[in-house]
Structure formats: structure tokens, C-alpha cells
Amino acid sequence: MESPVISAVDVRKTYGRGANSFDALKGVNFDIHDGESVAILGKSGSGKSTLMHILALLDAPTSGTITLGGVDTRTLRGSRLNQTRNKTFGFVFQQFFLTPNTSVLDNVMLPLKIAGVGRAERRRRGMAALEQLELADKAKNKAANLSGGQKQRVVIARALVNNPRIIFADEPTGNLDSATGAVVEDILFGLNRQNGITLIVVTHDEELASRCDRRILVRDGQLVDDLAAVPA
Ligand code: ADP
Ligand code: MG
């Protein structure tokens, strides 16, 4: 088998110190391969977001290692770390994290600006991503004036604009009604199946999880189950 895109080895995370410390991850091990779709499931407080933030290099583990494309991520610091995150990952979070008073297009182009892509190329790629999400007509609108489903599609356009190898989604349908959530799900799985983007989704939603190739169950900071989907 191909070498994994992400490998987590004995990953631990302790928040706080001394008497007030809390072990949120207690030694987690697994590999994720290119093109997989993986659901991370578990009750509230089990450590799902902590794990995702560590996999996405938004936070460092207290101990243990994350290897990304064969690179020990402890060797990545400062601008190399930022660049790696920005070029390799797309993020789709429940809370959207859009800048409300700037245009939809500006929001989508932000990762390209961070990557140092020139203005004309930013516009071209930003508009292409918006077209893919059927939002080209909203390019000049303020992000604040969109519906929840439109905002989440803008977030997906922004996640796509750098051609990421991996999309991380934390409860991507959590703030959406079920019909809108289904559209967002279809878009994410379409990107996984058609573009080969690895999809790592934190979710409470059994239906969403059942569409993934694999389900990882987290309980009290430990991985208690890792199941491949039964082929349909
Ligand atoms: P989940 O996403 O599964 O709901 P989290 O990963 O957010 O869980 O949190 C796991 C545990 O770690 C929870 O008990 C939470 O209270 C605790 N925790 C999360 N972030 C912090 C923090 N910054 N400081 C202290 N404890 C935290
Ligand atoms: Mg969470």
C-alpha cells in the first residue's frame, strides 16, 4: 500500500498544568491514506476537535508525532508551517469563519493572498472556485448577507481555491437545516470522489459518517474503534 498522507503516532494532548491539567488525548495512533474519506465520531468532549486541530497542524501535541507526506511535522516552524497548512489543507468549520463585511470573492481569495499569488491569478482562481459552487453571481455581495447554506458553500470555495490535498471539516452541517446540509455533504463527497481530495470530517451525524470510507470512534481521548465501511 502507498505510504500514508497522515500518520499519527502516540499523540497525546494535555491542557493546563498540575492539578488543573486535563488529558484530552491519551495516545492516539492511526494512518490516513490519500483519497480516503474518514469520519471522526464521538460524544461531545471526547477529544474530536482537539484531534482534528492537531492533525491540521493548528495545534501541537504535548507528545507524539504527526507525519504529513513523510515529513515529521515537528520540523515545520514559522512560515514553513503556515505555508504547508495553507497549501495542503482546506478548512470547513461549523462556524464558517468568514469576514462578514468583505465580499464573497475576497473571502475566497484569502488563502491565495496568504500564498503570495498575484492579483489577476487570485481573481481567476477565486471566480473558478465560486463557479464550481454555483455562487459566481454572489462574488460582490458581502459575506454577511448570505444564507447559511450559501455561507458554507463560500467556505468550501475558499477551502478549494489552493487545490488542497486534504479537507478538514468540523461539524460542516452542524448549523444547517437538513436539506441544505445534504447539499453541502454532496459537494464535499463529490470533491473526495472526483478530485481525490482526502476528506477528514468530525461529526455527530451518523448519516454523514455512514457515507465515509472509514469511521474512527474517539472516547475519552482514546481511539476505541476504526471501522472500514461495508461496501454497498
Ligand atoms: P469534542 O470536539 O469531542 O467535543 P474537544 O476536543 O473540543 O472535544 O475537547 C476535549 C476535552 O478537552 C473536553 O473535556 C474539553 O473541555 C477539553 N478542552 C478542549 N480545549 C481545551 C482548552 N483549551 N483548555 C482546557 N481544556 C480544553
Ligand atoms: Mg468539537
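Please work out if residue 25 is aliphatic (A, V, I, L, M) and under 12 Å from residue 222 (Cα atoms). Judged against the criteria, residue 25 is a match.
Every condition in (1) more than 13 Å from residue 6 (Cα to Cα); (2) at pLDDT 95 or above; (3) within 13 Å of ligand 2 (Cβ to nearest atom) holds for residue 62 except the one numbered (3). None of 73, 62 is within 16 Å of ligand 1 (Cβ to nearest atom) and among the β-branched types (Val, Ile, Thr) except 62.
If the condition is being within 25 Å of residue 29 (Cα to Cα), crowded, with 17+ Cβ neighbours inside 10 Å, more than 16 Å from ligand 1 (Cβ to nearest atom) and not aliphatic (A, V, I, L, M), then the range 172-212 contributes 192, 198, 211, 212. Under the condition of being part of a loop (DSSP other than H, G, I, E, B), among the hydrophobic types (A, V, I, L, M, F, W, C) and touching a residue at least 60 places away in the same chain (Cβ under 8 Å), the residues counted in the range 51-97 number 2.
Set side by side, the residues 226, 220 differ, and just one is within 16 Å of ligand 2 (Cβ to nearest atom) and either surrounded by fewer than 18 Cβ atoms within 10 Å (Cβ to Cβ) or more than 16 Å from residue 32 (Cβ to Cβ) (or both), which is 220. Looking across the range 28-50, the residues that are part of a loop (DSSP other than H, G, I, E, B) and surrounded by fewer than 19 Cβ atoms within 10 Å (Cβ to Cβ) come down to 33, 34, 35, 43, 44, 45.
Identify all residues within the range 1-23 that are buried (at least 21 other Cβ atoms within 10 Å of the Cβ) and either within 15 Å of ligand 1 (Cβ to nearest atom) or hydroxyl-bearing (Ser, Thr, Tyr) (or both); write none if there are none.
Of everything in the range 1-23, those that are buried (at least 21 other Cβ atoms within 10 Å of the Cβ) and either within 15 Å of ligand 1 (Cβ to nearest atom) or hydroxyl-bearing (Ser, Thr, Tyr) (or both) turn out to be 8, 11, 13.
The values are calculated or read from the model by the stated rules, or taken from the named source; none is laboratory data. Not measured: the values here are computed from a predicted model. Here Cβ is always computed from backbone atoms with ideal geometry, including for glycine, and neighbour counts include all displayed protein chains.
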